[in-house]
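So the structure is just underneath, and the comments pick up after that.
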Amino acid sequence: MPRHPETTPQRGTRPYNRRHGTTPDEFREWLGLPVRSTSPLDVRSGIQQLTEQLFVSGGPDWAPSADTHFAMLREWMDTGITHYIPVHAEFDLGPYIEDATGIRVHHIGVDDDGQDKPAEWFNEIITVANAVLANPAHKLVVTCAHGINRGPSAALAIMLWQGWDALAALGAIRSVRPIANILYAEDAVRWHVLRTGGTEAEAHTAEQQVRDWFDRH
């Protein structure tokens, strides 16, 4: 199946009541499900909490204006963020952000090209995240350009390593950041199964479970 990097995600496909004029978004609200934005620009700059120490956001490097850029960094500081993993490869503002905010930056960039993400990328993310999160006073935010594909996929890998069930982690990410497409989720679960001693058959099963989850959401 072709992948579409950093594109606007589509709404879910759950049934809804056309006869009474209920829109898909109204139906999702009624079910208590998040309503996915039709424009990533509307919500990409927000920061959302996944666990006590782990957060996702869009990249301040890609803020549409200087005011938004500075507002994002202020929000991160107010939230208590101590460490930042940007996973976009396009460029790195790490030295500037560290100097301006005191937040430690760990740049682990990859392209959002729709291609399989290697185990080495996830391994590097986990190495940094483990070191950061070992201190309970630390708070880590993970982002890519818009917080749609690479960033949420990296956050998923961290959650898997922390012991989360894959589908529960996907639901948690999507619930707080509805624009998250998590394009590399299959790569993350495959990496995790094999990294923790699983077999190829188990990795394929985990990937299929993720595909089935996306079909339902």
Tell me, please, whether a residue that is in a helix (DSSP H, G or I), free of Cβ contacts under 8 Å to residues at least 12 places away in the same chain and closer than 21 Å to Gln48 by Cα can be found in region 78-96.
yes
Evaluate the following for Leu140: is it under 16 Å from the mean Cα position of the chain (by Cα) and farther than 30 Å from Ser65 by Cα?
no
Does any residue of region 118-135 turn out to be within 23 Å of Gln208 (Cβ to Cβ) and either assigned to a loop (DSSP other than H, G, I, E, B) or aliphatic (A, V, I, L, M) (or both)?
yes
Quick check on region 108-127: of everything there that is surrounded by fewer than 17 Cβ atoms within 10 Å (Cβ to Cβ) and of a type outside the set (S, T, N, Q), which residue is nearest to Ala71 (Cα to Cα)?
Gly109
Quick check on this structure: which one of Gly114, Gly147, Gly163 is part of a loop (DSSP other than H, G, I, E, B) and free of Cβ contacts under 8 Å to residues at least 24 places away in the same chain?
Gly163
Scan region 128-151 for residues that are surrounded by fewer than 24 Cβ atoms within 10 Å (Cβ to Cβ), at pLDDT 95 or above and farther than 11 Å from Gln53 by Cα and report the count.
3
Matching residues in region 173-188 (assigned to a helix (DSSP H, G or I), over 23 Å from Ala131 (Cβ atoms) and either in contact with a His (Cβ under 9 Å, 6 or more places away or on another chain) or of a type in the set (A, V, I, L, M) (or both)) number 3
The one condition Leu167 fails out of (1) at pLDDT 95 or above; (2) closer than 22 Å to Phe214 by Cα; (3) surrounded by 19 or more Cβ atoms within 10 Å (Cβ to Cβ) is (3)
With the requirement that a residue be under 19 Å from Gly94 (Cβ atoms), at pLDDT 85 or above and either of a type in the set (Ser, Thr, Tyr) or part of a loop (DSSP other than H, G, I, E, B) (or both), what does region 24-65 give you?
Ser57, Gly59
Quick one: which of Ala180, Ala154 is surrounded by 24 or more Cβ atoms within 10 Å (Cβ to Cβ), under 11 Å from the mean Cα position of the chain (by Cα), touching a residue at least 24 places away in the same chain (Cβ under 8 Å) and within 15 Å of Pro118 (Cα to Cα)?
Ala154
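The values are calculated or read from the model by the stated rules, or taken from the named source; none is laboratory data. Only a predicted model underlies this, so the values are computations on that prediction, with no experimental measurement involved. In this analysis, Cβ positions are derived from the backbone assuming ideal geometry, glycine residues included, and neighbour counts consider all displayed protein chains.
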